[in-house]
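What follows is a single structure, written as structure tokens, with notes after it.
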Amino acid sequence: MRIDGKGRIDRTRPVTFTFDGRPYAGYRGDTLASALIANDVRVVGRSFKYHRPRGILTAGSEEPNALVEVVGPANQTPNTRATVQELFEGLVARSQNRWPSLSLDLLEVNDLAAPFLSAGFYYKTFMWPRRFWEGIYEPLIRRAAGLGRLSGKHDEGVYEKAWAHCDLLVIGAGPAGLMAALVAARAGADVILCDESAEMGGRLLSDEGQIDGMPAADWTAAVLAELASLPNLRLMPRTTVTGAYDDGTYGALERVGLHRSPRPNLPRECFWRIVAKRSILAAGALERGIAFQDNDRPGVMLAGSLATYLNRYGVSPGKRVALFANNGSVRATARSLKAAGVEVVAILDSRPDAPDEPGIPVHKGATVLRARGRMGLHSLSFAHEGRVHALEVDCLGVSGGWNPAVHLTCHRNGRPRWSDELAAFVPMEGAVPGMRVAGAAAGSFSTHACLASGAEAARESLAALGRDGGALDLPRAEDAPYRIAPLWTVPGKGRAWLDFANDVTVKDVTLAAQEGFRSVEHMKRYTTQGMAPDQGKSSNVAALAVLADATGRGIPETGTTTFRPPYTPVSIAAMGAGGRGAGFAPQRFLTSDQASRDRAAPMVEAGLWYRPSYFPKPQETTWREACDREVRMVRETVGVSDVSTLGKIDVQGPDAARFLDFVYSNTMSTLPVGKVRYGLMLREDGHVLDDGTCARLGAQHWLITTTTAAAGLVMRHLDFVHQAFCAGWQLRFVSVTEAWAQFAIAGPQARALVASALGRAPELGFMGCAPVTVQGVAGRLFRISFSGEEGYELAVPTRFGEALFRDLVARAETMGGGPYGMEALNVLRIEKGFITHAEIHGRVTAFDIGMEKMVSGKKDCIGKAAAMRPGMQGAARAQMVGLKPLSDDVITAGAHLFAQGVDLGRETSAGYVTSVGYSPTLHSHLALGFLANGRARHGETVRLVDRLRGVDVLCTVTSPVFHDPKGEKLRA
Amino acid sequence: MPDLIAKPALGAVAVTHAGCTLAEAAALTITALAPFPGQAAAVGAELGLAFPAPNTVSEGGAARLVWAGRDLAFLIGGAAPERLAALNGLAAVTDQSDAWVTLTLTGPPTVEVLARLVPLDLRGTARGQVFRTGLGHMPLVLIAEGADSFTLMTFRSMARTAWHEIEEAMVKVAARSF
Amino acid sequence: MRLTCPLCGPRDRREFYYYGAAVYLDRPAADAPPEAWDEYLHLRDNPAGVTQDLWYHEQGCGSWLKVTRNTVTHEILAVDAVSAADAAEEAR
Ligand SMILES: [Zn+2]
């Protein structure tokens, strides 16, 4: 119910929303949870395993129960915490994990079957018979498992990623965080203050105490106003710091658009990577419950959240409230409730020496035995002085103590330390380099202690940053001691709940211990305690205490589970923001791209590049028709292809030739100016790295090419060899891949086409290169071929690429030629036995591809020592061969090769196929592959088997060079 | 016979979102200068510009010498061919004019926009600074031009992706300001 | 994780490419015995503690770097350019 005169909501701005299809009203400033409480909605979800009706337990991001689906026009977001979701006009929310409705959930039958569904149920039940697993058990479990539902559609929502940098990151804007930020910002440090709530202030927003003689909320407002006025401080509300990573990097999730009606282009969330020289963790403390029978009934809540709902949101979850605690923190809440007109029936304080409370009955040494009310608490029974009493209440606030929010201090392997005084884990100092912990997160609970430790943490951080924190009068505030007498569970019959989110009871943990799962990590996995979306924030310590008790050890000896990032759930969409569609990877476009698309060429991805696959003619209905025509065109007239994707590296300097001799297996230094040589690069382990050409443009000036696939790899390799082994040599190299557009012109008419384009006949012998002028533009001409025909490559500065491509294609067409794409290029090179990275795939040596003579015996080079090892050559190795099927059947790359008559198996495989294509020149499918001792087996018949695709074809082993083996056309 | 027609990397029309403007800069001559060991100072002397220390730009007249990586600087803008010829033996010289697309990003939210794209703290950068870094997955030469003004150079073949990603970041930043 | 490139300054690890152990810098002589090459190419320690490995500032200046770091604490102890010529360059 709504309480008049309380809360920080804006009562002038009513908001309507729906929950499970019913319309409700709330106010701007409400969370979905506070608005549901205002509307007396008590059951908000069904539990994960037993489908028990559940209500709101907390007022923060640690909420285990109130997980809902938020439905937007483009998104359906499951497992949204109603305690975090801010209300906005038109919000549509649905409860989860119930069918058909929240009040009638047929899977509640699980609750009746509870005796059979204890810890380890899945492990024990779904084991045998084994064959049932796939067909029966898994579908069954899948249907029952999971909480919210996804829409099943792509998430079309907008997400964002961003970087931020600062001197000091303050995590949490409660009393400690505000004080730390204030001290640091006044001293001039560059500060970011993050808080996961919409409004900063933390518990001061629901605290009725005084700071410096004014209400805590007013003091908070004044501090925030000052902070907002400082240019060196950035406030980041609605931002949860989710992880602490190496070297001062923090992950944080900001809710940008989740709290308002969708707006075009507004990100839903932003995932921040914050780089901070220092940080202060002031994340506060999380309250925990006490386990007793049916303590999960809707209306049983954590006591601190009652104060938050009342003072911050102006709502009360009950009219008749009792409080059950083992510490004094509920007293202020009791007073607030009473002052607001809520009937506080009793304080059940388990401490026998608990103080009195004026105007409120306090039962000292009392324990709650059981809560009653399946769809909402209506009464409870408690033990006091040996007798059982009943109380009619509709809300029970429970406080089993406070756990400092140590999570981030564990992200770099820090282990929190047990404090007997607080009956809680406190952070290990220095667990995250550069991070200080302050306030309740460090176990300092009073307002005064929070302010003091925030200021102290700031001063220490400033000192580390080389700044002076200056003098500061600490504001006056309450400094009540925190007294707790640990109480984890109330013994008794029935089920007492520890982990509400994953339905783990005290008995489950005890059973786990009995069955030998005595390590906390084993217990956790066996019972699933702490493994739900809330990661056991309100249950871990109690479960640990129960385990300690069951195993007869103390809590510190029992250990603690490891907290890992993220602190709260982070949507994958936020972490991968911008990575969908075109944002997945950069797209590289050729200068000929539009010209190719104008000709309806389908584009194929080659690394990041988009290259034309083929250029279809109107009458052609299949790619094969186009490909066959383009191959014949190159063999018979002339074809033009954009080869600008090849890596091009310009090498200059007196020691350039020496360097090339070192990185290529063959000798380059002997190459005359104006000539090109094919070259092979090895990895240091003796395998082939890449192949390409090496053109000597001048005495000390070279241009080398790499394959498209390995351009980046080769640059990195050359940089390594240069910087690691010969940095002092007089040479430099730089990539010019992007600077030049380069086109292959191949076929019997290639020379005529080049002559036409240049306006003069190219006087260039095979493997020659020369500067040329192309229609007024300075370019370069190379006589090299990847097709086996007479071939040239003509390069011009990139800006002229499109014009030159269109020009060359137009000229080619007048000669009966035209453009050719990747498919034809591939067939042409297979016919000729030229390799690509399909062949030099990282496990082949120069010997394997028949190029062992290219490893010069006269000099050292990268990879030579390893290439010379006995195992790197010889008959046992699979050597490159050609394969020609005896029939017209299709053959496939990836197929294995077998000698005829052997049983097919992994052990009998004699090789494999790397490239296939249909050769219109030879009217046959052709393949390149590797076959053991292959060069000695030309003429032999082998079986080519691809069991995945059902291929089993006999092939003749041949030389890999099918077309023009003597290279007469090439040199024509 | 017609001469070949030169095309810009993008030919894009400038866009503005929430006071931040993205534009394609006119193509300038870019010459990569990679001094041989020990020759950096000599290269600078020939050009009348200090060879830039890492992360800095040397300016003189219409020409700028922009640090572009290990033992590498880009001479952007005019330099007489004879001056470049004088570098023979001192440095490897390559024409990179066509290798890069040059974009400019200006206006008050520029630093905020770049925070979505570049992993660096660009607040308070001043003319004279340059960064080799990444624009998402793309290589980037990022030149600070003054308050809220940057020149961005990335591979020419990636120009469309760069433009798309920058504009997307601009649009998202703009959507926050209401 | 962040590495301080000697040329570019502190940068996020995303700008760097990881290669492998710094052993790669100690290339044996061409005529070294097979054992030396075997050691160089294939045999690696996997220390819990200080280790040295090679990183390439790919989205940066293009420097190859020798990073000394602690695999247990994740502390970065040193980042040096692999190029011995650097010292000379910087001294100028
Ligand atoms: Zn660097």
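Quick notes on this one:
- Relative contact order (%) - the stretch A:407-465, alpha-carbon pairs under 8 angstrom, separation at least six: 22
- When Rg and Dmax are taken over the Cα atoms of the stretch A:149-225, they come to 17.1, 55 Å.
- Inter-part distance where the stretch A:190-226 and the stretch A:600-645 are each reduced to a Cα centre, Å: 67
- The dipole here belongs to the protein assembly as shown: it is taken about the Cα centre, uses +1 on the Cβ of Lys and Arg and -1 on the Cβ of Asp and Glu, and is about 1800 debye.
- When A:153, A:49 are sorted by how many other C-beta atoms sit within 10 angstrom of their C-beta, beginning with the fewest, the order is A:153, A:49.
- 10 Å Cβ neighbours from other chains, averaged over peptide B:88-100: 6
- Pairs of Cα atoms nearer than 8 Å and 6+ residues apart set the relative contact order; for the stretch B:30-95 it is 43 percent.
- Point-charge dipole on Cβ atoms (K/R +1, D/E -1) for the stretch A:406-464, about Cα centre, debye to 20: 220
- Listed residue (A:395, A:886, A:951) projecting farthest to the positive dipole end of chain A, Cβ model: A:886
- Cα-based radius of gyration of the stretch C:2-91 once divided by 2.2 N^0.38 Å, which approximates compact folds: 1.18
- The mean number of partner chain beta-carbon atoms within 10 angstrom of a residue's beta-carbon across peptide A:753-759 is 1.
- Exposure proxy ranking, count of Cβ atoms within 10 Å, fewest first, for C:14, B:156, B:176: C:14, B:176, B:156
- Calculated [θ] (222 nm, deg cm²/dmol) that DSSP helices of n ≥ 4 give over chain A, each run adding -39,500 (n - 2.57): -6000 deg cm²/dmol
- Cα gyration tensor shape for the stretch A:390-495, rounded if a/c is under 1.5, else prolate or oblate: oblate
- Charge-dipole axis of chain A as Lys and Arg at +1 and Asp and Glu at -1 on Cβ define it, positive-most pick from A:563, A:581, A:849: A:849
- Nearest-0.05 FRET efficiency for residue A:777 and residue A:622, computed from C-beta distance (R0 30 Å): 0.20
- Evaluated with a Cβ-only charge set (Lys, Arg +1; Asp, Glu -1), the stretch C:2-91 carries a dipole of roughly 440 debye about its Cα centre, given to the nearest 20.
- Note on A:95, A:261, A:381: ascending count of other Cβ atoms within 10 Å places them as A:261, A:381, A:95, the fewest first.
- Taking the convex hull of Cα positions in the stretch A:347-386, its mean projected area over all directions (nm²): 3.2
- Relative contact order of chain A: 9 percent, from C-alpha pairs under 8 Å at least 6 residues apart in sequence.
- q = 0.09, 0.10, 0.21 Å⁻¹, the stretch A:147-290: log10 I(q)/I(0) [Debye, one scatterer per Cα]: -0.32, -0.40, -1.27
- Two-decimal ratio, the stretch B:30-95, of alpha-carbon radius of gyration to 2.2 N^0.38 Å: 0.94
- The mean count of C-beta atoms from other chains within 10 Å of the C-beta of residues in C:52-60, rounded to a whole number, is 4.
- Two tests apply to each whole DSSP H helix in chain A, Cα reach of 18 Å or more along its axis and mean Kyte-Doolittle hydropathy of at least 0.5, and the ones passing both are A:216-229, A:711-725.
- Reciprocal of mean inverse Cα separation for chain A (Kirkwood radius, Å): 33.7
No lab work stands behind these numbers, since they all come straight from the coordinates. Bear in mind that the values here come from a model prediction, so they are computed numbers and not experimental data. Don't worry about glycine lacking a Cβ; one is built from the backbone with ideal geometry, like all the others, and counts go over all protein chains shown.
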